[in-house]
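Remarks on the structure that follows.
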Amino acid sequence: MVQYIQCSTVEATQLDEEWIILHTENFTVTKLNEIGGFCWGLLNQAQTVDSLVQSLSNQYVAMEEISTRDIESYLLDLLQFGLIKHVI
């Protein structure tokens with residue numbers, strides 16, 4: 001199963017309910033909302049899509065069903081921005 005983890009070339013800080021991610025090599029800044037930031041925090045250790053969905057479901061019980069497709073799309077965006085990588 002594919003796992004993902006934060007890249008070591010990024011720095012992150014939380015401001016209220018948002019996260020600001022600085023990619024130091026690409027000189028880019030990415031802003032994440034509360035749920036994206038929660039996922040980001042989990043990605044400091046290797047995670048699968050299923051483990052992220054499960055953690056989100058546990059944390060945000062009041063939310064409607066969390067879509068695996070949404071998490072896959074989120075991870076694809078983070079990969080394209082160079083913020084996470086596949087764990088080998």
Amide H partners (placed H, <5 Å) of C7, local residues excluded: I84, K85
Whole-percent carbon and sulfur share, accessible surface of the chain, 1.4 Å: 49
Region 1-81: proportion of alpha-carbon pairs further apart than 19 angstrom, %: 35
Per-residue [θ]222 nm for the chain (sum of -39500 (n - 2.57) over DSSP H runs n ≥ 4, rounded to 500): -11500 deg cm²/dmol
³J(HN,Hα) computed for each position of region 5-14 - Karplus, 6.51 cos²θ - 1.76 cosθ + 1.60, integer Hz, glycine/proline x: 8, 4, 6, 6, 9, 10, 10, 9, 9, 9
Gyration tensor (Cα) of region 35-88, equivalent ellipsoid semi-axes in angstrom: 19, 11, 10
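The values are calculated or read from the model by the stated rules, or taken from the named source; none is laboratory data. Keep in mind that what you see is a predicted model, and the values were worked out from it rather than measured. All accessible areas refer to the heavy atoms of the entire protein, side chains included, with ligands and DNA or RNA removed. Shrake-Rupley method; radii C 1.70, N 1.55, O 1.52, S 1.80 Å.
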